[in-house]
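The values are calculated or read from the model by the stated rules, or taken from the named source; none is laboratory data. No experiment lies behind these values; they were computed from the predicted model shown. Glycine gets a Cβ as well: all are built from the backbone with ideal geometry, and neighbour counts include every protein chain shown. For the accessible areas, the whole protein counts, side chains as well, though only heavy atoms, and no ligand, DNA or RNA atoms are used. Shrake-Rupley method; radii C 1.70, N 1.55, O 1.52, S 1.80 Å.
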Amino acid sequence: MTFDSKNLTNEQLLYLYTSLLMPRLIEEKMLILIRQGKVSKWFSGIGQEAIAVGVTAVLDADEYILPMHRNLGVFTGRNIPMHRLFSQWQGKANGFTKGRDRSFHFGTQEFKIIGMISHLGPQLGIADGIALANKLNQNGKVTAVFTGEGATSEGDFHEALNIAAVWELPVLFIVENNGYGLSTPTDEQFRCENIADKGVGYGIESHIIDGNNILEVYHKLSELKASMVKNPRPVLIEFKTFRMRGHEEASGSKYVPQELIDVWATKDPVENYRKFLSENGILSNDLDALLHTEIKAAIDENWALANTESEIEATYDDELNDVYKPFQFQEVSHSEETKNIRFIDAISNALKQSMERHHNLVIMGQDIAEYGGAFKITEGFVEQFGKERVRNTPICESAVVSAAMGLSINGYKAIVEMQFADFVSTGFNPIVNLLAKTHYRWQEKADVVVRMPCGAGTQAGPFHSQTNEAWFTKTPGLKVVYPAFPYDAKGLLNESINDPNPVLFFEHKQLYRSIHQEVPTDYYTIPLGKAALLKEGNQVTIIAYGAAVHWALETLTQNPEISADVLDLRTLQPLDAEAIYASVKKTGRAIILQEDSMFGGIASDISALIMENCFQYLDAPVKRVASLDSPIPFTKALEDQYLPKGRFEAALLELLEY
């Protein structure tokens, strides 16, 4: 291994050595502790330290790094207090996740580090969003994101590279090619000769670097960073390296040929660099011994400090209060001036007024810029707000949602338009595993609204007609909004954008141009989690949301003798359970109408809640009316049969006669 110090001073060269030594000695301590049963799990980065150390040394302290669980050198390089790292690994309160996640699955705004989730790929898209915010701010900052050779097989890798290329984002994509994805060797992961070759297809500059040579890492990255500041663009770097231990300690490394381990042992990044410094008179044996002694003493001291912390005491309030970022509704009242507009106009109006109100708000989606979106909701937005804030995206929902998270991390608000709610399935992972869990895990907001044009009635078939809200009401950490009227749509969308928590905002396509209402012309808000009582009666409580609200009202118009409370939920998560209970206790009967299919829909949970909390007030069993438990068909006759609208009246009359 050849080292070239170039213009680095001896002080700088020794700094890099100390930076390498710190994570190596911490790891050696952890390996002892794991054998003693004092640490439960460990992912070793021994043999790969030069990459994390080099990247961190090159980037400024206020530039974001998104590491993996073998990149201890990032955390030590950013000078995170050692005892806090130990507390994190031991699940103590002084860590970063309050015991809710392990190892390096956390982030910290203080040190500008955004940790991984186990699904690996989404963090690449997060880096895109962070870099987009930097580019919008024109601050000349670069973002570095780590991944392994195994994760380059994931769709998120390709989506993130494509977005970064198209948008010319200053992202360093760091791929640590250590030969194995857990136990699967690279020849079973991909067929191209080098991972760097994958960048060519996206028009991305790519490089291959010896990941075990700290000076090569440092010099090349310094050169690239300086160039990216002047000419913002993504760069893919493949670091050839090797991990000397198993995927994690419990897995061992028997699947690796011994001769391969022996070869890479000669390329140890710490030992080879130590030898270089020693041979060039930069590092004496005494100084080396002193550094080892001081670092080991600091490790022992901080380990003892972490162990003085008490174990976390579990309380319901602590857990539940961190699911969402606290947010206090502040009502914005409207003037008396109104205009009779359609549902779709209310959505467009809310977006426009929120864009005017929040200068850090960015809208992303397919065809939303000059074309105005599939439903023309953002028509004219580019002329008013510019393409920087109204962004057409490639067809890659997963990376776009992840990029929205990155925007939120770096000081922006983001709206993602799913062209159809059905397409959210390709962006499902970052919504339920990233947006939903981030605040609970490390108290970081996810200031993202995902707009979901949904619903049947337009004979659009099984891929453009689903109403899939139940996929998300089940996921703690998400808020789910589903209005039925233009007035509510505007006020609730404005409030969803204000809310720093992730919101799935469902917009029924059939209501877009069929429902009109007098709506205030200026900006206003409606609180999330509050149902609307549309009609009052004493015979039965009808609970519905979205298009089903209109079906219920139409049924009552045709049956004026029925005296019913009609409760429009408006928000499904958080659910206004108190409004439901109050109405059911008054009427003694409840029927829930939803467009979603029956099994697993939110009507089932509402029914269970009523039975558990209002049983003594009921005069009849709770009734659910829903679509068939089949995919949504195309032909009108089949779609009409699928939907519950035609079955609701009979079910309602049957309940009243019970």
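Site pair S40 and E110 shows an inter-label distance of 2.4 nm when each label is modelled 7 Å from Cα along Cα→Cβ. Heavy-atom accessible area, probed at 1.4 angstrom with all protein chains present, ranks R589, R647, R35, R191 as R191, R35, R647, R589, highest first. Residue by residue through segment 60-68, what is 3J(HN,Hα) from phi via Karplus (6.51 cos²θ - 1.76 cosθ + 1.60, θ = phi - 60°)? Round to whole Hz and write x for glycine and proline. These are the phi-based 3J(HN,Hα) values: 6, 5, 9, 9, 6, 10, 10, x, 10 Hz.
A straight chain from I261 to L31 at 0.36 nm per residue would run longer than the Cα-Cα distance by 81.0 nm. Atom-type composition of the exposed protein surface of the chain places 50 percent of the accessible area on carbon and sulfur (1.4 angstrom probe). Of the peptides 107-116, 310-319, the order by per-residue mean of other Cβ atoms within 10 Å, starting with the highest, comes out as 107-116, 310-319. Read through the labelled values (i) 27.3, 83; (ii) 25.3, 73; (iii) 28.3, 98 and report the label of the one computed as Rg and Dmax of the Cα atoms in Å from the structure. The calculated read-out lines up with (iii).
In this structure, Q330 and H359 have a Cβ-Cβ separation that, at R0 = 22 Å, corresponds to a calculated FRET efficiency of about 0.75. The residues neighbouring G365, those whose beta-carbon lies less than 9 Å from its own, together hold a net charge of 0 under the Lys/Arg +1, Asp/Glu -1 convention.
Quote the FRET efficiency, to the nearest 0.05, computed for N94 versus N194 with a Förster distance R0 of 51 Å and r equal to the Cβ-Cβ distance. According to the calculation, E is roughly 0.75.
Full extension of the chain segment joining T308 with K474 gains 55.9 nm, where the gain is 0.36 nm per residue of separation less the Cα-Cα distance. Cross-linked pairs K267/K296; K141/K267; K474/K509; K92/K296: Cα-Cα separations exceed 27 Å for K141/K267.
Spin-label model, L290/Y658: points 7 Å from Cα along the beta carbon direction are separated by 8.3 nm. With contributions of -39500 (n - 2.57) from each DSSP H run of at least four residues, the per-residue ellipticity at 222 nm computed over the chain stands at -12000 deg cm²/dmol.
For a paramagnetic label modelled on D317 (point 7 Å from Cα along Cα→Cβ), amide N atoms under 16 Å away are absent within segment 568-585. For T338 and A620, the difference between the fully extended length at 0.36 nm per residue and the C-alpha to C-alpha distance is 97.3 nm. Average accessible surface for segment 222-289: 52 Å² per residue, computed with a 1.4 Å probe over protein heavy atoms with every protein chain in place. Counting only protein heavy atoms and a 1.4 Å probe, segment 460-508 has 20 square angstrom of accessible area per residue.
Label positions at R513 and E370, each projected 7 Å from the Cα along the C-beta direction, are separated by 2.3 nm. Remark: segment 67-219 carries 31 Å² of accessible area per residue (probe radius 1.4 Å; ligands, DNA and RNA excluded).
Give the residues of segment 586-608 whose amide nitrogen is closer than 17 Å to a point set 7 Å from the Cα of L533 in the direction of its Cβ. Answer for this model: 586-591.
Going by the alpha-carbon gyration tensor, a ≥ b ≥ c the square roots of its eigenvalues, is segment 496-634 rounded (a/c under 1.5) or, if a/c is not under 1.5, prolate (a/b greater than b/c) versus oblate? Verdict is rounded for segment 496-634. So if R0 is 45 Å, what FRET efficiency would S183 and D60 give, r being the distance between their Cβ atoms, rounded to the nearest 0.05? Calculated value: 0.75.
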